[in-house]
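Contents: one structure, followed by commentary.
The values are calculated or read from the model by the stated rules, or taken from the named source; none is laboratory data. Just so you know, these numbers come straight off a predicted model, no measurement behind them. Virtual Cβ from ideal backbone geometry, glycine too; neighbours counted across all protein chains shown. Accessible surface areas use protein heavy atoms only, side chains included; no ligands, DNA or RNA. Shrake-Rupley method; radii C 1.70, N 1.55, O 1.52, S 1.80 Å.
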Amino acid sequence: MTAAPSADQIARVRAHLPALLAWYRGRRRDLPWRAAPPDPWAVLLSEIMLQQTTAPVVAARFPDMLARFPTPQAMAEAGEDAVLAAWSGLGYYRRARALFACARAILERHGGRVPDDPQALAALPGVGPYTAAAVAAIAFGRPVVPVDGNVARVLVRLFALGGEPARPSPRLRELAARVARAEDAGDLAQAWIELGALVCRPRRPLCGDCPLEQVCLARARGLEDRLPAPAPRPERRLVHASAFLALADGDLVLLRRRPRGGLLGGLVDLPGVPLAPDAGPEPPPLAVDWRPVPGEVRHVFTHLEMRLRLERAVVDGPETARPAPELPAAGLFWWPIAELAALPLASLTRRLLAHGGIVPPPSGRQASAR
DNA sequence: AACGCGTGGGC
DNA sequence: TGCCCAAGCGT
């Protein structure tokens, strides 16, 4: 099966690190989270946003996020709901709550300054092995190689690790540590990642453009298109349900705060959207005259597909519907449509609202990018 | 260790 | 269109 990486091959790769560094510095992209000198908080914020979210999406949202929360203290003082609202549409919302907890931990444990030690970084909420190494290398020049999916794939090909899944793993991190060197750690960390993102792509790698082509075992053996082996695709469950859109006085909408754990945890949505894949159908939240909205909203999650009908009702009388004074921690509440931008809404919720004729403005972003 | 957790873009 | 995938983490 997979031969262990040889000391010779590691030495060959290390000897080519200057070429990798030169390649990176020659084609460095103008990414909004790369500033000189690096701001450790900005680096940490960007790396958490980049966890499983594509760089173009983060590029579009990072400047507003940093402007809204320029320091750990600013984020800690803004409160969890403000962070969650600013995160609207980015997905994996646990990251937003962990980020808020992370800002508080930086304030309490480290006097408001991002720590430079990988171990201290990894102890922060939402910061795992990759993010800790990335911040340590990029923001502080620590001689570590952060291993993300890109770097894992590059290593599997460079060392022709046929039986190795191309995901960050303790074994690949150990290999990365043996390839690391003390000089230019920040640029080298980014070089490995950029190489995977732009050249050593998942499919059809551009080996002719690769600064490491001459030392790549997969290339030498003609395996560059067959490594890494594709991972099996997990099943995706299909869930049918009905969501309920209740309007009052033309300017209030009935919403619900979801429980903090699980799917879309802590976000605001419409009653009837399943709280979990196996949750049964929910009864209407009000005994009123519901009318089906024609069509269906189909939304695909990583492990779940929802097909949602929408029931709509208009209730009259301000005595039956009063706007909540503030966003509640749980349960149903009425909210002015004009103030939807203040709420942490998932993309699914925006689509349901739009299907019912309500288009909320972007949540939590700066009012204007001008 | 495997699974739960969003979303949007590329092809 | 449907499928693949993305600068992972927590449990």
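Looking only at region A:260-271, which residues are out of contact with any helix residue (DSSP H, G or I) (no Cβ under 9 Å at 6 or more places or on another chain) and at pLDDT 95 or above?
A:LEU263, A:PRO271, listed by residue number.
Give the residues of region A:164-184 that are within 23 Å of A:ARG226 (Cβ to Cβ), of a type outside the set (Asp, Glu) and open to solvent by less than 70 Å² (accessible area, probe 1.4 Å), sorted by residue number.
A:PRO165, A:ALA166, A:PRO168, A:SER169, A:LEU172, A:LEU175, A:ALA176, A:VAL179
To keep it simple, each residue is scored yes or no on (1) of a type outside the set (Gly, Ala, Ser); (2) under 18 Å from A:ALA86 (Cβ atoms); (3) part of a loop (DSSP other than H, G, I, E, B); (4) open to solvent by 50 Å² or more (accessible area, probe 1.4 Å).
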| site | (1), (2), (3), (4) |
| --- | --- |
| A:LEU264 | yes, yes, yes, no |
| A:ALA276 | no, no, yes, no |
| A:VAL288 | yes, no, yes, yes |
| A:PRO294 | yes, no, no, yes |
| A:PRO325 | yes, no, yes, yes |
| A:PHE333 | yes, no, no, no |
| A:ALA341 | no, yes, no, no |
| A:GLY357 | no, no, yes, yes |
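Do we find a residue being among the small types (Gly, Ala, Ser), farther than 22 Å from A:PHE62 by Cβ, within 15 Å of DNA strand B (Cβ to nearest atom) and in contact (Cβ under 8 Å) with a residue 60 or more places away in the chain anywhere in region A:111-126?
No.
Please tell me if A:LEU238 is under 26 Å from the mean Cα position of the chain (by Cα), surrounded by fewer than 16 Cβ atoms within 10 Å (Cβ to Cβ), in a strand (DSSP E or B) and not basic (Lys, Arg).
Considered against the rule, which asks whether it is under 26 Å from the mean Cα position of the chain (by Cα), surrounded by fewer than 16 Cβ atoms within 10 Å (Cβ to Cβ), in a strand (DSSP E or B) and not basic (Lys, Arg), A:LEU238 comes out as yes.
Out of curiosity, is A:PRO336 in contact (Cβ under 8 Å) with a residue 24 or more places away in the chain and over 26 Å from A:ARG95 (Cβ atoms)?
Here the answer is yes, as A:PRO336 does meet what is asked.
Do you know which residues across region A:221-231 are farther than 17 Å from A:LEU198 by Cβ and in contact (Cβ under 8 Å) with a residue 24 or more places away in the chain?
Once the filter is applied, which keeps residues that are farther than 17 Å from A:LEU198 by Cβ and in contact (Cβ under 8 Å) with a residue 24 or more places away in the chain, region A:221-231 yields A:ARG221, A:LEU223, A:LEU227, A:PRO228, A:ALA229, A:ALA231.
Pull up region A:173-182, narrow it to residues that are more than 12 Å from DNA strand C (Cβ to nearest atom) and touching a residue at least 24 places away in the same chain (Cβ under 8 Å), then point me to the one that is nearest to A:GLY141 (Cα to Cα).
This residue is A:ALA182.
If you go through region A:244-260 one residue at a time, do you hit one that is open to solvent by 20 Å² or more (accessible area, probe 1.4 Å), within 27 Å of the chain's Cα centre (by Cα) and free of Cβ contacts under 8 Å to residues at least 12 places away in the same chain?
No, that holds for no residue.
Listed here are the residues, each with its yes/no results for (1) among the aliphatic types (A, V, I, L, M); (2) at pLDDT 95 or above; (3) outside the structural domain of A:VAL293 (by TED's automatic domain parsing).
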residue	(1), (2), (3)
A:LEU308	yes, yes, no
A:ASP316	no, no, no
A:GLU319	no, no, no
A:PRO328	no, yes, no
A:TRP335	no, yes, no
A:LEU348	yes, yes, no
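Which residues, taken from region A:102-151, are over 22 Å from A:ALA191 (Cβ atoms), part of a helix (DSSP H, G or I) and out of contact with any Gly (no Cβ under 7 Å at 6 or more places or on another chain)?
Hits for region A:102-151 are A:ALA103, A:ARG104, A:ALA105, A:LEU107, A:GLU108, A:ARG109, A:HIS110, A:GLN119, A:ALA120.
Step by step: first the residues of region A:27-54, then only those that are among the small types (Gly, Ala, Ser) and surrounded by fewer than 18 Cβ atoms within 10 Å (Cβ to Cβ), then the one that is nearest to DNA strand C (Cβ to nearest atom). Which residue is that?
A:ALA35
Restricting attention to region A:116-138, which residues are surrounded by fewer than 23 Cβ atoms within 10 Å (Cβ to Cβ) and over 28 Å from A:ALA229 (Cα atoms)?
Scanning region A:116-138 gives A:ASP116, A:ASP117, A:PRO118, A:GLN119, A:ALA120, A:ALA122, A:ALA123, A:PRO125, A:GLY126.
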